Amino acid sequence: MKKMMLALCLVILSALLLGACGSKDSGAAEGNGEVKEFTIDATNFDFDLKEIKVNKGDTVKITLKNSEGNHAVKIDGYNKEVQGDKTISFVADKAGEFQYECSIFCGAGHGDMVGKLIVE
Ligand SMILES: [Cu+2]
């Protein structure tokens, strides 16, 4: 009877350990590819980086720097946005071409502030 209890405890313990590892993997922390870092310098009315190219599975880190004016970068199809002088990080888990644009109305040239994220 004691042996059975011990076996049961081991089963429960390993299930807990596996559960803990599993929940860590499901977070958006790291992809299975490389970490690719980019800095987008925003001015009135331009992004200095108009194309970001990564491989599927890469972790993409985008830092937005507002050198002039107040802008944001919003990536269509990824539901990701960075406003002000901040960094966002996400896993590029979808292949394709995704436009990014300024999502803060900043003035006359607002519509020109676009770029493209390419995930291969
Ligand atoms: Cu804008």
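The values are calculated or read from the model by the stated rules, or taken from the named source; none is laboratory data. Quantities reported herein were computed from a predicted structural model and do not represent experimental measurements. Cβ coordinates were reconstructed from backbone atoms using ideal geometry, including for glycine residues, and neighbour counts include every protein chain displayed. These area figures cover heavy atoms from the full protein model, side chains too; ligands, DNA and RNA do not enter into them. Shrake-Rupley method; radii C 1.70, N 1.55, O 1.52, S 1.80 Å.
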Of K74/K116; K50/K74; K56/K86, which sit over 18 Å apart, Cα to Cα?
-> K56/K86
Amide H of K53: which non-local residues (sequence gap of 5 or more, or other chain) have their own amide H closer than 5 Å, using H built in the peptide plane?
-> I118
For labels at E37 and K94 in the simple 7 Å Cα→Cβ model, what's the distance in nm?
-> 2.7
Roughly speaking, to the nearest percent, how much of segment 35-119's 1.4 Å accessible area is carbon and sulfur?
-> 44
